[in-house]
1. Cβ under 10 Å from residue 14's Cβ, residue 14 left aside: what net charge do those residues give with Lys, Arg +1 and Asp, Glu -1?
2. Could you give the length gained by full extension between residue 13 and residue 92, i.e. 0.36 nm per residue of separation minus their alpha carbon distance, to one decimal place?
3. Which order do the peptides 77-83, 128-134 come out in when sorted by mean C-beta neighbours inside 10 angstrom, highest first?
4. Within 12 Å, Cβ to Cβ, of residue 39, how many net charges do the neighbouring residues add up to if Lys/Arg are +1 and Asp/Glu are -1?
5. Please list, by residue number, every one of the trypsin sites (Lys or Arg not before Pro) in region 1-60 that is coil in DSSP and has at most 16 other beta-carbon atoms within 10 Å.
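Derivation of every value follows stated rules applied to the coordinates shown; laboratory data play no part. Bear in mind that the values here come from a model prediction, so they are computed numbers and not experimental data. Cβ atoms come from the backbone with ideal geometry, glycine included; neighbour counts cover every protein chain shown.
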Amino acid sequence: MSEGIVRSLGTGRFIDWRALNAEGAAGGILICWDKRVLDILDWEEGHFTLSCRFKTIENGATWVFTGVYGPFTKVEREGMWEEFGAIRGLWDDPWCLGGDFNITLFQQERSSQRRISSAMRRFAETMDDLELVDLPLQGESSPGMGGLIIRRERD
């Protein structure tokens with residue numbers, strides 16, 4: 001992704017960004033932020049994720065955002081779950097994941113509400129292992145498209 005392409009989106013001079021370019025059938029990931037609000041401290045590129053560790057300028061809070069573009073195959077999904085675990089091991093800050101996981105967590109998110117698949121079960125196990133919580137999207141959305149997940153606060 002070039003700076004020219006990002007700027008063509010109408011971003012201003014206070015916008016900074018990181019990108020993971022599309023590769024083959026995998027889509028790319030673009031994370032943009034306002035430099036007046038957030039400082040980027042670190043970032044990590046994976047095969048299916050782009051993670052940015054930020055510091056909020058106003059209060060100094062640090063946190064991590066991970067953009068996700070999930071694979072379609074079972075083998076590649078296992079790689080994505082492992083990638084999530086590796087990211088969790090990098091930083092101990094509050095963590096938010098968002099994007100297109102290409103898998104649903106609940107039957108009602110599917111257009112055809114059949115039984116729970118092994119992929120859905122594995123997704124739920126990964127979320128539980130990493131202490132993540134699904135935040136439901138508000139408004140209309142297509143089943144399985146996008147989502148937001150955060151790490152639970154520890155007692």
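1. +1
2. Answer, rounded to one decimal: 25.3 nm.
3. 77-83, 128-134
4. Result for the local shell: 0.
5. Loop-located and lightly packed - 13, 35, 36.
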